[in-house]
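The values are calculated or read from the model by the stated rules, or taken from the named source; none is laboratory data. Keep in mind the model is a prediction, meaning the values are calculated, not measured. Note: ideal-geometry Cβ built from the backbone for every residue, glycine included; neighbour counts use all protein chains shown. Each accessible area value is taken on the protein alone, full model and side chains, heavy atoms only, with ligands, DNA and RNA left out. Shrake-Rupley method; radii C 1.70, N 1.55, O 1.52, S 1.80 Å.
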Amino acid sequence: MTQNIHFDFTGTPILSIDGFDLHLRENSDFWRLHLDYCQSGMNNELGVYSHQQPAPTVLRRENVLTILYNSLVAEDGSVHDISLELQITACGGALHFAASMTNHSSARINELQYPLFEFTRINADFSDDQLVVPQGLGRILPNPHELTRKSHSEYMAADHKNIWSTWQYPKPLSMPWIGLQSGDKLLYLGWHSDKWRQFSALTGCEPRGSQEEYLICTLSSYPAVYPGETVRYDGFVLAGFDGDWHQACNFYRAWADSSWNQPVNRQEGFKSINGWQRIILKHQYGEIFHTYDELPAMYRAGAACGLNMILLFGWWQEGMDNGYPNYQPDPALGGAEKLKRAIEEINALGGIVILYANGHLIDVSTDYYKTEGIHHTMKDIELNVYQEFYRFSNNASILRSGHKTFATGCYGAKAWRDKLVEIEQRHLALGSNGTFFDQIGSNFRFCFDRTHDHANRIDEDPQLRLDAVKHMRSLLGENEYFGTEHTIDRLAMQMDFIHGCGFAQSFSEDAFPALFRYTYPDILISNRFVHDDKPGWKRALNYTFINGLIFDVGIYRCREYIAAIPAYGDYIRHLTGLRSQYRDFFTDGQYDLPRMELPPQIKAVQYTLGGRVLLTVWNDSDESTDFCGRVLPPQGVDAFILPNP
């Protein structure tokens, strides 16, 4: 880490970091607020900019800079009785930012953008910079300035002021930070908050036609300070590093271990999981594909390919993506007793069955929603119920135009949390080895229903979900497990498995899964979106293998099981055999990218455990390749222990 980092304010913000050639715009902002005249409906997003304020009071004491504003002037010239106290503390080679807002105005303070930096240069030319962003498992994007310019909304936003690129956390960000790689230096901007809240990392730039180029980097938090309230937010961090993304990951993980990341009692038995078959018994539009009686045969087919788990979807009476949150066994599929017997038989074979439920959605057609669920839903800024719409269909067009409507349950409503516990207990009573609560790790929203437990705090959805997950996890017994969808750091550390969804959890040319896998190597995460033997399916599975992900096998989008495509099953058997041979490295080893120079067609990952290093390699080409004394066939993979140096 760079040891000397300094911020000062003398009418214009001044930022310096040893080794960085930083330049800020003249008369630039270092914070912005956005107000909402919520009581009169005048303006839902009125900007307040630091460069437009009268001179504040500035206090300096050792390593702490305090900046005080007694009132604030908005962009339209209106004056608001809001006091703002900003603190910038230099500590541990980083700058730590905090803000306290006292609101005696008639407006609500919806959003705080702080700290905010308007760079004309970071260390190199913008075209040579890279944006390091933990989107899903990870991504490194060239030229963040040009990337931001391409984010122009064309119509919807005030792009004549600034053009913005927004990275929300949780989802699509899996960790609450971004990095700007500029030459051999990396600038880190993150939110290290003990309370888990929603926030966004933003990059902005000049409007079209501007005579200057600049890149804005800021963090947006959402305090929603109502009239009469005082609210303090802290944990905003800026740091500079000599090196690359490794430094950012190490810095964040060290803070997480000192804060929220307490050891979780994951059961050792789940480490034997190579992946699962994801199977829908009754589809969204009502067609029955399989019954409970068929489950043991499906399991045996998967077990022969190294897959020792079934993730069972659409097993309830209404079918997949219908009837939430009812989840009762379907007589047409065989009834409750046949479901129990099928699970018992699979357990006796050494397998695991996890039943699906949705931890987020409520079907608006259900009696539950109409009689009580509507009161436990998340509400938008106008107190309307958030809704989502699904379009699953068979082979016609009506359902493709819109089929199902869902509301979203709020974890700030005790009745919704109680409903999820009830669902979990019903699943366990059916013999399930646990529950896969879909979407707990996704679709976070701001809830403005002040009757819920979060009251005025609109951004506490993540913390409320985490608290509920910890409670539900405490109800599990031996050989009972918990999983969800989407990889989000704080939730993932509470899970036995993650059903991967989001960037880099399936293969793409610009995927960079090392960001998350290096930071949290011990989390079991599946791949996603292969579904059949479509072009490139082997590349997708090779990517899964070398990166230590487990296999989500959902043939024909979960309508069939692995026996439907023998070649697919044979290749899964090959890859799970390699994984099983070196299982401890994948489950307990430290993931990293090898420091050796690799041929362009070779992709590789190393896992270090007990002083030994496992190298997983993939020949991503159509020709055989010699590597480390081995011949890798076209699209071939291998794994081997490196000799001691």
Original post:
Residues in the range 288-318 that are open to solvent by less than 50 Å² (accessible area, probe 1.4 Å), farther than 16 Å from H427 by Cα and part of a loop (DSSP other than H, G, I, E, B): how many?
Top reply: 7
**OP:** Read through the list (1) within 30 Å of S506 (Cβ to Cβ); (2) hydroxyl-bearing (S, T, Y); (3) in contact (Cβ under 8 Å) with a residue 40 or more places away in the chain, then give the number of the only condition that S151 fails.
**Re:** (3)
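Matching residues to (1) within 30 Å of T544 (Cα to Cα); (2) surrounded by 20 or more Cβ atoms within 10 Å (Cβ to Cβ); (3) modelled with pLDDT of 95 or more; (4) touching a Lys or Arg at 6+ places or on another chain (Cβ under 6 Å):
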site	(1), (2), (3), (4)
H104	no, no, yes, no
N110	no, yes, yes, no
V132	yes, yes, yes, no
G136	yes, yes, yes, no
Y155	no, no, no, no
S174	yes, yes, yes, no
I178	yes, yes, yes, no
Original post:
With L609, L632, L614, L575 as the choices, which residue is in contact (Cβ under 8 Å) with a residue 12 or more places away in the chain and either open to solvent by 10 Å² or more (accessible area, probe 1.4 Å) or of a type in the set (S, T, Y) (or both)?
Top reply: L609
Subject >> Qualifying strands (runs of 3 or more DSSP E) (wholly inside the range 57-156; at least 1 residues being of a type in the set (K, R)) >> reply: 57-61, 108-121, 139-142
**OP:** Among the residues of the range 23-39, write down those that are open to solvent by less than 70 Å² (accessible area, probe 1.4 Å) and either among the basic types (K, R) or outside any loop (DSSP other than H, G, I, E, B) (or both).
**Re:** L24, R25, R32, L33, H34, L35, D36
Subject >> Residue identified as open to solvent by less than 40 Å² (accessible area, probe 1.4 Å), assigned to a strand (DSSP E or B) and among the aromatic types (F, W, Y) among Y233, Y252 >> reply: Y233
Original post:
Which one of the conditions (1) more than 30 Å from F448 (Cβ to Cβ); (2) in a loop (DSSP other than H, G, I, E, B) does M42 fail to meet, given that it meets all the rest?
Top reply: (1)
Subject >> Enumeration of residues in the range 319-362 that are open to solvent by 20 Å² or more (accessible area, probe 1.4 Å), touching a strand residue (DSSP E or B) at 6+ places or on another chain (Cβ under 8 Å), in a helix (DSSP H, G or I) and under 30 Å from I374 (Cα atoms) >> reply: A332, A336
Subject >> Lone unmet requirement of (1) open to solvent by 30 Å² or more (accessible area, probe 1.4 Å); (2) under 22 Å from L578 (Cβ atoms); (3) modelled with pLDDT under 95 for G500 >> reply: (1)
Original post:
Inside the range 375-414, can you point out the residues that are more than 16 Å from D363 (Cα to Cα), in contact with a helix residue (DSSP H, G or I) (Cβ under 6 Å, 6 or more places away or on another chain) and not aromatic (F, W, Y)?
Top reply: S393, G412, A413
Original post:
Any chance the range 462-482 includes a residue that's assigned to a strand (DSSP E or B) and open to solvent by 10 Å² or more (accessible area, probe 1.4 Å)?
Top reply: no
**OP:** Go through (1) open to solvent by 70 Å² or more (accessible area, probe 1.4 Å); (2) farther than 22 Å from I310 by Cα one by one and return the number of the condition D570 breaks.
**Re:** (2)
Subject >> Residue ID - nearest to the chain's Cα centre (by Cα), chosen from residues in the range 617-629 that are closer than 26 Å to I572 by Cβ and exposed (fewer than 15 other Cβ atoms within 10 Å of the Cβ) >> reply: D622
Original post:
Is the range 556-565 home to any residue that is open to solvent by less than 10 Å² (accessible area, probe 1.4 Å) and within 17 Å of V637 (Cβ to Cβ)?
Top reply: no
Original post:
So which of A90, A55, A98 ends up being open to solvent by less than 30 Å² (accessible area, probe 1.4 Å) and on the phi < 0 side of the Ramachandran plot?
Top reply: A98
Subject >> When residues of the range 40-52 are limited to those that are at pLDDT 90 or above and surrounded by fewer than 17 Cβ atoms within 10 Å (Cβ to Cβ), the one farthest from the chain's Cα centre (by Cα) >> reply: Q52
